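Undergrad: Supplied in structure tokens, the structure appears directly below.
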Amino acid sequence: MDIAIDVPDGVSGDWEVNSFEVPKEDLSQLISMLKSSRYVPAGKYKRLLRRGRCIMSNTPDEINDFMRFVRVASGSILVNGLGLGVLLKALLNKPDVTEVTVIEKSEDVVKLVAPTYLKDSRVTIIHADAFEYNPPKGKRYDAVWHDIWDGICTDNLEGMKKLHRKYGRKARFQASWARDLCEYHLKREKKRFW
């Protein structure tokens, strides 16, 4: 699946949005794929960087990370973590999505990315910490997505559990980015330890 991102290139504080192109596939791409397990086909993409490190992009593997959630999400949705807005755009492409509230901790990310999506009346973007934000009293969401981590790491599981407990009674359904993968690696770590 391809999700084109209209966020303009720019810099704010430690954060940067920029366009990049992967040239026609060659042997170096195949070697890179074998080393990282993330294959990026030739094409034009956008990425969000913090201090020069890529935090997210609209490459196919990153899109696949949340597509299961997008398929089941409808109605009123809460997203913890704006990032580049790739998930947000995928949700807004669904006519059965009635509203999306996004919580983003970084004011710089909000400055860079939010203006592109606030043109849609279904979108509300709030500059706040996902762990501290409290939805309006009585508010329930049909689906909640948690994606506030820079990388996949078993250390993220504690935060995921905390967010899932926080929204357990406020959501019909919720999921966290790479939670299954983190749990898998935690089980492997425990087996190696013993």
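Undergrad: Just a yes or no: is a residue in the stretch 155-166 acidic (Asp, Glu) and more than 18 Å from MET67 (Cα to Cα)?
TA: yes
Undergrad: Give me a count of the residues in the stretch 135-165 that are under 16 Å from ILE77 (Cβ atoms) and among the basic types (Lys, Arg).
TA: Residues meeting the conditions: 2.
Undergrad: Can you tell me which residue within the stretch 44-96, out of those that are surrounded by 13 or more Cβ atoms within 10 Å (Cβ to Cβ) and among the basic types (Lys, Arg), is farthest from ASP147 (Cα to Cα)?
TA: LYS94
Values quoted throughout were computed directly from the atomic coordinates according to the rules given, and no laboratory measurement underlies them. From a predicted model like this one, the values you see are computed outputs, not experimental measurements. All Cβ positions, even for glycine, are placed from backbone atoms using ideal geometry, and neighbour counts span all protein chains on display.
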